[in-house]
1. Give me the distance in nm between label points sitting 7 Å out from Cα along the Cα-to-Cβ direction at L36 and V50, one decimal.
2. I need E21, E58 ordered by Cβ neighbour count within 10 Å, fewest first.
3. At a 10 angstrom cut-off on C-beta neighbours, averaged per residue, how do the peptides 44-52, 5-13 rank from highest to lowest?
4. Give me Rg over Rh for the stretch 2-62, both radii from the alpha carbons and Rh done the Kirkwood way, two decimal places.
5. Rounded to whole Hz and in sequence order, give me ³J(HN,Hα) for the stretch 10-23 from the Karplus expression 6.51 cos²θ - 1.76 cosθ + 1.60, θ = phi - 60°, writing x for Gly and Pro.
6. For the stretch 50-60, just list the computed ³J(HN,Hα) in residue order, Karplus coefficients 6.51, -1.76 and 1.60, θ = phi - 60°, integers in Hz, with x standing in for Gly and Pro.
7. If each residue's Cβ is checked for other Cβ atoms within 10 Å, how do K79, K24 rank with the fewest at the top?
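Each reported figure results from applying straightforward, stated rules to the coordinates on display, with no laboratory input. These numbers were taken from a predicted model, which means no experiment stands behind them. Cβ atoms come from the backbone with ideal geometry, glycine included; neighbour counts cover every protein chain shown.
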Amino acid sequence: MVVNFFQLIKIGKELGLSKKEINKVFLFDDSRYPLLFKILLIIMSIFVSVFIIIIGIEASRHIYPAGTLYSTVKIKDFKAKN
């Protein structure tokens with residue numbers, strides 16, 4: 001997606017568009033409510049970044065605390081049969 005973004009900027013420059021005209025296309029300036037769309041874009045990007053950070057923190061947590069054994073069943077339990 002980033003590659004497509006840079007390709008569109010390159011095409012816009014080749015067509016002779018100014019930087020301001022190119023940015024209008026990406027920032028919804030030609031829509032009916034440009035400020036609303038900009039605010040929604042900022043809110044959504046913040047929401048996605050917080051979500052990614054939370055997922056990263058949860059994924060990095062260890063299942064077992066440090067210094068504990070992974071199971072309560074030990075090999076000695078299987079050696080002694082009644």
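1. Spacing of the two 7 Å Cα→Cβ label points: 2.2 nm.
2. Least to most surrounded, the residues fall as E58, E21.
3. In descending order of packing, they fall as 5-13, 44-52.
4. On the Cα set of the stretch 2-62, Rg over Rh gives 1.19.
5. 5, 5, x, 5, 5, 7, x, 7, 7, 4, 5, 5, 5, 5
6. 3J(HN,Hα) across the stretch 50-60, in whole Hz: 5, 4, 5, 5, 5, 4, x, 5, 5, 6, 7.
7. K79, K24
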